[in-house]
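Structure record follows, encoded as structure tokens.
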Amino acid sequence: MKLEARVYSLLNDMQKAILHECDEIVLDFTAFNAKATMVVKPNFVVIGYGELTDEFLSLCINENHGYTLEVSHLLPQDFVGLKGHLGDFTLQFKNANGEIESLQTSQIVSFAPLENCPAYKGVHTPDKYDNAHCMLESLLCLCGERHYTHHIVFEPLTCQYQGRRVFANGKSVCHLCVDICPTMGISSDKDSMLLSLSSVDCIACGKCVSVCPTGSVQRQGDGLESFTYRARLYKGYIPLIVSSLDFESEGFARDFKALQTLNPLLLPFVLQVPDILNATYLLTLLQESGAPIVLYSTLGEHTHNDIATLNEIYQRIFRQNAIIGSTDSKAIEALQPLMQSHYIYTPTNKENSKDIFSARISFWIKQESYGKIAMNNSGFLHIDTAKCTLCLSCVEACNANALINNN
């Protein structure tokens with residue numbers, strides 16, 4: 001019996017149908033062109049000078065590699081900048097007359113430290129390899145037909161970086177996705193104030209989705225709309241958040257059987273990448289299921305503040321925690337659906353994640369007052385009415401709907 005089948009054997013027909021329906025919803029919201037293919041040609045630029053550079057160039061030219069290599073050589077002082085991704089880099093350099101030119105190449109090899117050379121996949125430095133042969137072998141392994149997936153969907157209209165004006169101190173409004181990306185899946189150009197997404201470099205960790213304050217970055221098939229419809233299927237159950245990897249493990253089958261003994265209402269809520277979760281996703285699941293949430297798979301530190309915030313809100317309104325770990329046996333045993341927390345809300349295409357969170361939390365708060373609670377990427381807006389001329393420039397500039405014209 002397959003490991004996944006062991007888990008399904010612990011579920012009744014209704015529960016199995018819910019999990020299958022969740023899989024179908026993900027497929028429905030996944031674009032047909034999510035998977036793509038490219039050809040990485042055997043051409044690259046070598047940047048550097050000296051013995052190591054000469055050794056590598058000689059290896060490329062004088063030995064048979066199964067490919068006809070096209071190798072260009074550039075001195076470090078002539079390098080200007082690099083954009084693109086593996087298989088399609090645009091390299092800018094200074095020619096003999098000091099003019100800036102561009103050339104297209106598939107990969108880069110640099111034997112010198114370069115300030116404007118990001119660590120894209122396909123950019124090679126000798127410190128990562130034992131010798132020149134190993135480095136060349138790595139380059140050649142990347143050549144040929146390569147398959148990849150567009151994991152991230154980007155909406156630039158609500159992004160707080162894309163094309164936005166910087167502050168007086170030179171800092172941008174938001175670059176959280178760039179800061180947390182462990183690769184070059186998302187990078188920023190400080191001159192043009194534009195984000196660049198590289199599906200080739202993206203490892204689909206989901207962290208950028210979690211930290212985006214407006215939902216401009218979402219995961220393919222796992223966006224807020226898709227997530228809402230899946231969460232809605234869990235009414236009457238207690239969602240047990242588990243990654244796809246954990247769900248298919250032998251350990252989960254054993255642990256889930258034990259958890260079911262504690263509370264038969266637990267039902268796996270399987271996510272390819274649970275690290276996409278933030279306050280809006282979690283609030284959606286809490287309300288659409290009408291029950292607290294149990295975490296089986298460990299989430300990254302970037303989610304801790306959002307979980308703490310929701311637990312504080314839940315405590316003040318419902319006198320219990322909203323989200324607990326799967327090792328808290330006593331708490332799990334006592335968990336029950338909380339129908340007064342249940343709320344169905346279908347977001348529209350024009351709403352960002354802040355809009356959705358605001359609409360959802362308003363249902364719980366209504367006209368009551370529960371005090372102030374700190375939240376990530378939120379604050380108070382103060383307007384000096386004596387100085388305001390009602391020019392509405394701020395309303396036009398705000399793409400997060402924090403400012404609106406009531407006239």
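The values are calculated or read from the model by the stated rules, or taken from the named source; none is laboratory data. What you see is a predicted model; the values in this text were computed from it and never measured. Heads up, the Cβs are rebuilt from the backbone with ideal geometry, glycines too, and the neighbour counts pull from every protein chain shown.
In table form, for the structure just shown:
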| quantity | calculated |
| --- | --- |
| Any hit, the range 59-69, residues being closer than 15 Å to V46 by Cα, free of Cβ contacts under 8 Å to residues at least 40 places away in the same chain and more than 33 Å from the chain's Cα centre (by Cα) | yes |
| Pick from the range 34-61, criterion under 30 Å from S199 (Cβ atoms) and among the β-branched types (V, I, T), ranking: surrounded by the fewest Cβ atoms within 10 Å (Cβ to Cβ) | T37 |
| Among residues of the range 349-365, those that are modelled with pLDDT under 90 and either of a type in the set (D, E, K, R) or surrounded by 15 or more Cβ atoms within 10 Å (Cβ to Cβ) (or both), counted | 2 |
| Strands (runs of 3 or more DSSP E) (entirely within the range 139-199) containing at least 3 residues that are of a type in the set (A, V, I, L, M) | 194-197 |
| Selection status of F89, free of Cβ contacts under 8 Å to residues at least 60 places away in the same chain, surrounded by 19 or more Cβ atoms within 10 Å (Cβ to Cβ) and more than 23 Å from L140 (Cα to Cα) | no |
| Hits in the range 359-382 (condition: within 20 Å of R232 (Cβ to Cβ) and free of Cβ contacts under 8 Å to residues at least 24 places away in the same chain) | A359, S362 |
| In the range 113-153, the residues that are closer than 14 Å to G81 by Cα and surrounded by 14 or more Cβ atoms within 10 Å (Cβ to Cβ) | L114, C117, P118, Y120, V123 |
| One residue from N377, N311 being outside the structural domain of P268 (by TED's automatic domain parsing) and either among the polar types (S, T, N, Q) or in a helix (DSSP H, G or I) (or both) | N377 |
| Unique residue being more than 24 Å from the chain's Cα centre (by Cα), of a type outside the set (S, T, Y) and more than 20 Å from V242 (Cα to Cα) when the list is I356, I365, I332 | I365 |
| Failed criterion for C212 (all others in (1) assigned by TED's automatic domain parsing to the domain that holds P292; (2) crowded, with 22+ Cβ neighbours inside 10 Å; (3) out of contact with any Ser or Thr (no Cβ under 6 Å at 6 or more places or on another chain) hold) | (1) |
| Flag for G50 being touching a Leu at 6+ places or on another chain (Cβ under 8 Å), over 25 Å from D222 (Cα atoms) and touching a residue at least 24 places away in the same chain (Cβ under 8 Å) | no |
| Selected residue (criterion: farthest from P264 (Cα to Cα)) from residues of the range 10-33 that are surrounded by 14 or more Cβ atoms within 10 Å (Cβ to Cβ) and in contact with a Ser or Thr (Cβ under 9 Å, 6 or more places away or on another chain) | T30 |
| Condition check for G290: at pLDDT 95 or above and on the phi > 0 side of the Ramachandran plot | yes |
| So G170, is it in contact with a strand residue (DSSP E or B) (Cβ under 8 Å, 6 or more places away or on another chain) and either farther than 27 Å from G87 by Cα or of a type outside the set (S, T, N, Q) (or both) | no |
| Helices (runs of 4 or more DSSP H) contained in the range 1-120 and holding at least 2 residues of a type in the set (D, E) and not assigned by TED's automatic domain parsing to the domain that holds L267 | 51-62 |
| So A397, is it aliphatic (A, V, I, L, M) and either touching a Pro at 6+ places or on another chain (Cβ under 6 Å) or not assigned by TED's automatic domain parsing to the domain that holds P268 (or both) | yes |
| Residue selected from the range 273-293 under the condition out of contact with any strand residue (DSSP E or B) (no Cβ under 7 Å at 6 or more places or on another chain) and of a type in the set (S, T, N, Q), by the criterion farthest from A253 (Cα to Cα) | T280 |
| Every pair of residues 6+ apart whose Cβ atoms lie under 6 Å, when the first sits in the range 173-184 and is modelled with pLDDT of 90 or more while the second is among the β-branched types (V, I, T) | L176/V211; C177/I186; C177/V217; V178/I186; I180/V211; T183/I203 |
| Any chance L140 is in contact with a Pro (Cβ under 8 Å, 6 or more places away or on another chain) and among the aliphatic types (A, V, I, L, M) | yes |
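Yes/no matrix, rows are residues, columns are (1) of a type in the set (S, T, N, Q); (2) at pLDDT below 90; (3) surrounded by 14 or more Cβ atoms within 10 Å (Cβ to Cβ):
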site: S329; (1), (2), (3): yes, no, no
site: M339; (1), (2), (3): no, no, no
site: I344; (1), (2), (3): no, no, no
site: S393; (1), (2), (3): yes, yes, no
